[in-house]
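What follows is one structure encoded as structure tokens, with my remarks underneath.
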Amino acid sequence: MSKILVIDDERSIRNTLKDILEYEKYSVELAENGIEGLDRIKNENFDIILCDIKMPQMDGLEVLVKIFEITHDTPVVMISGHGNIDTAVEAIKKGAFDFIEKPLDLNRLLITIRNAMDKSNLISETKVLKRKVNKTYEMVGNSDAINHIKDMIDKVAPTDARVLIAGDNGSGKELVARWIHEKSNRAANPFVEVNCAAIPSELIESELFGHEKGAFTSAHKQRAGKFEQANEGTLFLDEIGDMSLSAQAKVLRALQEHKISRVGSDKDISVNVRVVAATNKNLKKEIEENRFREDLYHRLSVILIKVPSLNDRIEDIPLLTEHFMNQICNEHGIPKKEVDKSAIQELQKINWTGNIREFRNVLERLIILCSNKITAKDVLTYAQPISK
């Protein structure tokens, strides 16, 4: 049942609103002044707050400001018998969801409450989804290697410095990039990923910078590229070592001048993008063999983060097992299984060439194929590579 707080110094108004709203199946709490209302807000959660403007001790606009010091998410509807346009505008500017004059129009009041409730529900759902996303991309481990990565992220994320992430396939380079974005000042803006290895070289420039209609055979309409899509946010260039030299030259220009031009256009478009790149290649060797631009390397590697392989942090395997056990069992809708200590020891003996990606797949296989308790024998049976 949704919970509403009514703050009003007139007892008759408080009681009338309580009767009406309880008839509409809302739970209603009352406060006779702003100070009492703020005390309640500090100690209880409300879905909506109705607040009078003209009250003794503390007026409603002052209460409104203090409400948002306690909670940013609860919609506040201001009500007043002495309202005017200036007061209404000021209330909205200070963050009120709506402003209603006395005597209250019952229909308008109920519609406003329903709309405010929709907003409140949407905020709650967004928070749940964000928690799910953040849990999906949780960085698990307490090894020295992973703690060093976490410390680097905390230092680098609040800046706009470009970051180059190096590491083997499946080691978690994308995870590091996402956390840099999530902990940055750009977190509310887009995180756009481009897998440079998965896009044919003849299409990579169009993918990154967009194209104009008719720029090439299949360009049937104008299209914004990833740089534009990531404006004010973060662009993650995964496997940048596989990017063509011509595309590298354009990326270098974009980093230097903060401008791009679509394929088939001479017009410059200003972009404000933080670039985070990743590679599983030795870019120094690629530079020596003329497959990667040295000037681009130095532009990208203001901060260099090396992600350790799973073999370099096997002490994290117990925590990773627990993490993926909860995640995989929830996905499949099956009860959580117990993992024997001897099974953990066997998992720590495996050469994880595919890193975290391979480890998760193996654990999923064990969860599906084994009984309620996963043993060392199960690991030896199902987790080892298939022999030729």
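What follows draws every value from the coordinates through simple rules; no lab data is involved. This is a predicted model, so every value here is computed, not measured. So basically every Cβ, Gly included, is an ideal-geometry build from the backbone, and we count neighbours across all protein chains shown.
Below, the figures for the structure above:
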item	result
Point-to-point label distance, L380-L106, nm (Cα→Cβ direction, 7 Å offset)	7.8 nm
Nitroxide proxy distance, nm - points 7 Å out along Cα→Cβ at H82 and L319	5.9 nm
Dipole in debye (nearest 20) - the chain, about Cα centre, beta carbon charges: Lys, Arg +1; Asp, Glu -1	1160 debye
Descending principal axes extents, segment 3-133, alpha-carbon based, whole Å	46, 31, 29
Positive-end extreme of charge dipole, the chain - chosen from G170, V6, N147 (charges on Cβ)	G170
Cα lying deepest toward the dipole's positive end in segment 311-382, options I368, F324, G354, charges on Cβ	I368
Extended-chain gain in nm, criterion 0.36 nm per residue less alpha-carbon gap, R162 and E44	38.1 nm
With Cα atoms, 0 to 90° folded angle of helix 355-369 axis to the chain main axis	80 degrees
D144-S12 FRET efficiency (beta carbon distance; Förster radius 51 Å; 0.05 resolution)	0.15
Order of V273, V263 - criterion: other Cβ atoms within 10 Å of each residue's Cβ, fewest first	V263, V273
Stretch gain in nm, segment K119-K281, where the contour uses 0.36 nm per residue and the Cα spacing is subtracted	53.6 nm
Taking T353, T234, T112 and counting other C-beta atoms within 10 Å, the order from fewest to most	T353, T112, T234
Sites A198 and E62, calculated FRET efficiency, Cβ-Cβ separation with R0 45 Å, nearest 0.05	0.20
For the chain, the spread of Cα positions along each principal axis, largest first, Å	82, 64, 39
